[in-house]
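> Before I ask anything, here is the structure I am working with.
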């Protein structure tokens, strides 16, 4: 029995190492370009560690059992009549409960932090229309642009809306997403922390041109942003 | 138990045998059957069209002819009713209503003597079960071919084979068929065949309703598929059909709005039938705590169906009213509330995920226990966790709407309930693997699919935890990560369990054995190509590829090409299954009554079972999974007038 447990643990460790390798060798997440996404990636890794543990446990018992207790087709004996084990059942009710509540708490904390607007964020309206995005800078005489330009390090509040059907405002590298819904206004906060060019993608099926409803997002230094906005105002 | 009184043997109770009308031509045309079904459908269509035109002319409404109205009312309400009347689904009730002598119920509708009997209204639950399964697998193939078409389009960035509207139509009809015409009714088909047998009942509680609920299904399927032929193409707003996009769609959207009504009605009728059957028709001694877990699973599933399905019916009616009657349920300019659609839709469609999973849980419990030769670990907790999922399942719908712009305060409570569902689900997974522990494991095809299910569903469940967490969901929602997640749950989950169930009960249903070697080939090819198809989708999704796009960033080209190749292999693996099943059905080796040495009641009768299932009502005396318990038995059967013999033999 003790040797069996040791073998099971060995199988489990092998599977865990393999799965961990899959999780870390490939770069599953896009480069984070916002403070919000940095925090989201933290939750992602927290959930990943727990998932690796659970998956390794389940699959190692399956693999081990089949390896150890497989019988030929003509075997007609029965296994031991084990109907259950109250202690075990309590454990596998309680431990997952603790784990999911931990994920829930971490998620709720990050959600709250990502939703906390600081002092005077930059206000940008993201307006969806079949099949293009329009960005209106309310703080700068409603400068309107088809390209999203943001100053790095500046907390920005997007107010999303739509003039026809539902769209979804998404910059994969910002990790934040919000549907643009006709009839209501929705908001989302993004604090870019990396300069560069990123893609604005529509994430909600909005009709024939959905796949091509894209725009460019540029995160630039404060000085470049001021220059750009003045060009637009001129 | 009322079973003996309600279901006497036909010879004893009804000596007069019903004689169908004479005259071959006359009978073919006016007798109940597909021919009468077709001409009555056409007749009802014409009459309803004339009625619509007459009314519009009377009130001088312009224009006189509105295709969508005629299509919806004459085509999708009147014609199907005519079809159902024509095939004879209402004959008994109509005779009763108009005061004509009803045919004495001689059970002549029971059993199938030739393949033609499967194309008639038949009240035998075993025939209906097979009608369900063959129909659903037909639509599985249709939906699968659509998937391969749009995977071909997605092999490279840019548009190659189909235009955007066709692409959206293919994606939408694929999902709709797989959900409403395959997974949900395939489980209903398996349960139709197996549950009455497991209960020791001679049939379902309402055999005529059972027949009717089957025949509603092809109507829905034909509607979904035929939407491709109308102007503007098939409905392209996704299977979720979000308003207001769906309200501005071409004609095809009506087919979705109405098809869902027929599929939903079928689902609700079957669920009511299961509930009444399970509550009232258990054999003597079959207490709730002695029911096999498949019965428990269908009991909880049926409760979900009965409570939740009316909501999707409502959501689709509202969209159709907005389209045709110019109401404004979801039109903001008219005071409508766009998010209302999503709340109503998901109040059904999240529980629908469990409708598509709980019966599979039941199947897997049966397979793992009998193939490991051990009792199901923690039987009572397994049943209670089904109830837990049922109850929690109604409190999580808004996790589909974390980025939809709904009330902020709803997000954290819905996240907590969503994560809590992992607890009963975890109990089930852990109990299955504990059932394996120290068993005597027979690695047959159904067992392979069951174990494939346990591991793949664990992955699907874990990616569900990611999506349950609001911050991760905000990043991953509406991307290919979602596509990966639902296919791990619905393919690696539900479809694997359907395959397990088909292989497991194939000998019982057909009286013949499938080919084990081909079955194993089928499993391994499916398992590998399934993972090669759907696992990389997690990656492209997280990296930034949205779902439901016909074109995408060139950065994802290589992986999508790989996914497409793998999906073609996955499609090809089904050919092995089809070949195996068809060939084995025609000329496979004759199967024993109980090839798996299982204890539940369906295995204690011949394969296929006798026309009324049990020649004598079984007396249940113990649990269904007492493997390895010396002297334990599930039921005692009286064979004819002889001495009672013990089960299992």
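> If I fit a long axis through the Cα atoms of helix A:222-233 and take the longest principal axis of the Cα atoms of chain A, what angle between them do I get, 0 to 90°, rounded to 10?
50
> Please arrange B:411, B:208 by how many other C-beta atoms lie within 10 Å of their C-beta, fewest to most.
Ordered by Cβ neighbours within 10 Å, fewest first: B:208, B:411.
> What is the order of A:144, B:270, B:445, B:564, fewest Cβ neighbours within 10 Å to most?
A:144, B:564, B:445, B:270
> Additional query: How long, wide and thick is region B:131-274, going by the Cα atoms along their three principal axes, in whole angstroms, largest first?
58, 30, 22
> A further question follows. What length, rounded to one decimal in nm, is gained on full extension from residue A:102 through to residue A:119, with 0.36 nm per residue of separation minus their alpha-carbon distance?
3.1 nm
> Find the centroid of the Cα atoms in region B:277-292 and in region B:423-493, then give the distance between the two in whole Å.
30
> For helix A:86-114, what angle does its Cα long axis make with the longest principal axis of chain A, in degrees from 0 to 90 and rounded to 10?
The answer is roughly 10 degrees.
> If you don't mind, there's one more thing I want to ask. What whole-number distance in Å separates the alpha-carbon centres of region A:208-233 and region A:131-175?
Each part's Cα centre sits 9 Å from the other's.
> Take the alpha carbon atoms of region B:165-224, find their center, do the same for region A:92-127, and report the distance between the two centers in whole angstrom.
Going from one Cα centre to the other spans 40 Å.
> A further question on this structure: Would you mind getting me the FRET efficiency between residue A:195 and residue B:532? Use the beta-carbon distance for r and R0 = 45 Å, nearest 0.05.
0.75
> What FRET efficiency, computed as 1/(1 + (r/R0)^6) with R0 = 35 Å and r the Cβ-Cβ distance, is obtained for residue B:590 and residue B:102, rounded to the nearest 0.05?
Efficiency, from the Cβ-Cβ distance: 0.30.
> Let me ask something additional. In Å, the Kirkwood hydrodynamic radius of the protein assembly as shown over pairs of distinct alpha carbons?
Details: mean 1/r = 0.0345 Å⁻¹.
That comes to 29.0 Å for the protein assembly as shown.
> Once the convex hull of the alpha carbons of chain A is built, what does its volume come to per residue, in cubic angstrom?
Details: hull volume 46.7 nm³, N = 234.
So the per-residue Cα hull volume is 200 Å³.
> Give the angle, between 0 and 90 degrees and rounded to the nearest 10, that separates the Cα long axis of helix A:35-69 from the longest principal axis of the Cα atoms of chain A.
Between the helix axis and the principal axis of chain A, the angle is about 20 degrees.
> Counting only C-alpha contacts under 8 Å and six or more residues apart, can you give the relative contact order of chain B as a whole percent?
Numbers: 1100 pairs, mean separation 87.5, N = 649.
Over chain B, the number comes to 13 percent.
> Further question on the same structure: Go ahead and run the numbers for FRET between residue A:227 and residue B:229, Cβ-Cβ distance against an R0 of 60 Å, rounding to 0.05.
The computed FRET efficiency comes out at 0.60.
> Quick check on region B:121-198: what does the Kirkwood estimate of hydrodynamic radius come out to from the alpha carbon pairs, in Å?
By the Kirkwood definition, the hydrodynamic radius is 13.9 Å.
> Counting each DSSP H run of 4 or more residues in the protein assembly as shown as -39500 (n - 2.57), what helix-only mean residue ellipticity at 222 nm follows after dividing by all residues, to the nearest 500 deg cm²/dmol?
That calculation yields -18500 deg cm²/dmol at 222 nm.
> Follow-up. For a footprinting-style exposure proxy, rank A:197, A:231 by other Cβ within 10 Å, fewest first.
A:231, A:197
No lab work stands behind these numbers, since they all come straight from the coordinates. What you see is a predicted model, and the numbers here were worked out from it, not measured in a lab. In this analysis, Cβ positions are derived from the backbone assuming ideal geometry, glycine residues included, and neighbour counts consider all displayed protein chains.
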